[in-house]
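The structure under discussion appears below in the form of structure tokens.
Every number here is computed from the coordinates shown, using simple stated rules; none is lab data. The shown structure was predicted, so the numbers you read here are calculated from the model rather than taken from an experiment. So basically every Cβ, Gly included, is an ideal-geometry build from the backbone, and we count neighbours across all protein chains shown.
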Ligand code: AGP
């Protein structure tokens, strides 16, 4: 989720680039950099931290010119550091690139380039693109870029300049790139917010298209070098709307990003039905797995227990980090501790990780280079992109996806056969989530019935009990309505005393061996006048229809993947209820995005 901006025209480029980077700050980043053609040389400055620090670094450097590129980095490969910041250069500092996306085969390409004498100084995947272009460059930058990107597997929004040509080359596959058309000036950016004050005339580059920009021309070609038609469009949005990509809140935007963010978590990690992670583990040596986390991440941890035990057979226990850290827990040398954290900075989770001094540790983290990511022995990054809404949505589904991958990886390393049906179903899950998002208006219609509700119960069984907990947390943290999650069978041990006509009860019920059990729980609730909202993959079932006040149908999937499906309507419901109440969905009262204090 990096930010990209390039400019070629008659104006001083540095202020335009810095201003553009500031417009991109909302996307989240850890470092930034700029490269300008100044007195016929490429001048590059990179900094960690705020854009203003980069701006200050440029004062007095005498860097001026009318062509340049700039980048805000959200690290995916390699920690946040100056050397890993973009732009990246070739060996001779004559070619500069900025990149957004994930290069899946960068390891193999790096080996080939280093064998060819290239010196690669960062530990990013992006840098190899500069060297690949250098390898093919012979005086025609566009040609060299076309040759280079034919070797790349993965995604890129790529912008390139070189010392000897007055042009900018841009190419895209899977990461957005937009051309801005001005008067005797051209822009390229990942996000229209960066150029909106200069022009509203844009061209959205399509996958496998390459564009050559000069200050008064743009050529859009396919990878065979043939010109393609491109439509100039007018941006109608204002700045705020653009930052949220037209969604009313970041939370809604992030709910809709989940099909794509799950694909990013999976990207490059399943090949020919084999799971590829960036570390080796011998599961035969593991005594038990301890998963520790907080909040939503603790819910994905509970799902992880079901997944790891069912798929790999390894005993797994789950603990709130805030409890684990003070309990003097029993940790065996051959245990494996997993810390799950979107931010990688949650104080309780970090403290819990530090308690586990005598065993190996694995982090499942979104923010690259965060404290937890740096302190674990090995990790699985989510690659979900920045999650800005305080209520965690895409991080949760990406954590569950990472836990599915890890469970399959353990099974594979035990020498057991993998369930190819499950792996195939995993490749379909984004489409299935999209089918739920496509009917969000129906979920919104149902949700407006609950905006004045005072109490909710969320009930699920098995792997969907933690989903019930997550649905309850979503509702309470953004709509301030009291909600509790319970295993459905727990009703008769107390909570059923709460049921009356003022109580709303969400049931999560999928076809399978416990279907009838949940139906009987629904009957108990219905008999006491409770209002039932049913999330189900069998909406046509007679009992479901008889017992439910509202039914939200979801597509069928395999049980292990059902949390990825069942949580979507719960996220949407909580969002629509809170929005109907006119509450601050992205920044709910009393809450912080990352709880870095005890
Ligand atoms: C989830 O919606 C909450 N914002 C909160 O529970 C969050 O999941 C928890 O604070 C853990 O954060 P982490 O994943 O960054 O460690």
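When a/c is below 1.5 the answer is rounded, else prolate if a/b is larger than b/c, else oblate, so apply that to the stretch 258-411 with a ≥ b ≥ c taken from the square roots of the Cα gyration tensor eigenvalues. Taking the square roots of the gyration eigenvalues as a ≥ b ≥ c, the stretch 258-411 is oblate. Between residue 285 and residue 584, the contour length at 0.36 nm per residue exceeds the Cα-Cα span by 102.8 nm. Note: relative contact order over the chain, using C-alpha pairs below 8 Å and six or more positions apart, is 11 percent.
The angle separating the long axis of helix 106-115 from the principal Cα axis of greatest extent in the chain is about 30 degrees. The stretch between residue 493 and residue 451 holds 12.3 nm of extra length on full extension. This uses 0.36 nm per residue minus the Cα-Cα distance.
Shown is the FRET efficiency for residue 184 and residue 153, computed with R0 = 35 Å from the Cβ-Cβ distance and rounded to the nearest 0.05: 0.40. Mind running the shape call on the stretch 360-409? Use the C-alpha gyration tensor, a ≥ b ≥ c as the square roots of the eigenvalues: rounded below 1.5 for a/c, prolate if a/b tops b/c, oblate otherwise. Here the stretch 360-409 falls in the oblate category. Principal-axis analysis of the Cα atoms of the chain puts helix 465-479 at an angle of about 70° to the longest axis. The relative contact order of the stretch 353-424 comes to 21 percent, based on Cα pairs under 8 Å that sit 6 or more residues apart. Across the stretch 307-330, the residues whose backbone nitrogen lies under 14 Å from the label position 7 Å along the beta-carbon direction of residue 357 are 328-329.
Reported to the nearest whole Å, the Cα centre-to-centre distance from the stretch 290-310 to the stretch 1-66 is 42. A simple spin-label model places the labels of residue 121 and residue 434 4.2 nm from each other, with each point 7 Å out along Cα-to-Cβ. A Förster radius of 25 Å combined with the Cβ-Cβ distance from residue 427 to residue 310 puts the calculated FRET efficiency at roughly 0.80. One quarter of the surface of the convex hull around the alpha-carbon atoms of the chain equals 27.8 nm², the direction-averaged projected area.
As a proxy for reagent exposure, ranking 397, 52, 296 by other Cβ atoms within 10 Å from fewest up yields 52, 296, 397. Taking other C-beta atoms within 10 Å as the exposure proxy, 493, 118, 299, 482 rank 493, 482, 118, 299 from fewest upward. Taking each residue as 0.36 nm, the span from residue 327 to residue 272 lengthens on full extension beyond its C-alpha to C-alpha distance by 15.5 nm. With contacts taken as Cα pairs under 8 Å and at least 6 residues apart, the stretch 259-358 reaches a relative contact order of 31 percent. For the peptides 278-286, 503-511, 318-326, the ranking by packing is 503-511, 318-326, 278-286, with the highest mean count of neighbouring Cβ atoms within 10 Å listed first. Extending 7 Å from the Cα toward the beta-carbon at both residue 56 and residue 217 defines two label points whose distance is 4.4 nm.
Given the C-alpha centroids of the stretch 96-152 and the stretch 521-598, what is the distance between them in whole angstrom? Between the Cα centre of the stretch 96-152 and that of the stretch 521-598, the gap is 46 Å. Working from label points 7 Å from Cα in the Cα-to-Cβ sense, the residue 93 to residue 12 distance is 2.3 nm. Sorting the segments 216-223, 454-461 by their residues' average number of neighbouring beta-carbon atoms within 10 angstrom, most packed first, yields 454-461, 216-223. If R0 equals 30 Å, the separation of the Cβ atoms of residue 502 and residue 238 corresponds to a calculated FRET efficiency of about 0.10. Return one number: the angle in degrees, 0 to 90 and rounded to the nearest 10, between the long axis of the Cα atoms of helix 127-136 and the longest principal axis of the Cα atoms of the chain. Tilt of helix 127-136: around 40 degrees. The residues 302, 572, when put in order of fewest to most other Cβ atoms within 10 Å, stand as 302, 572.
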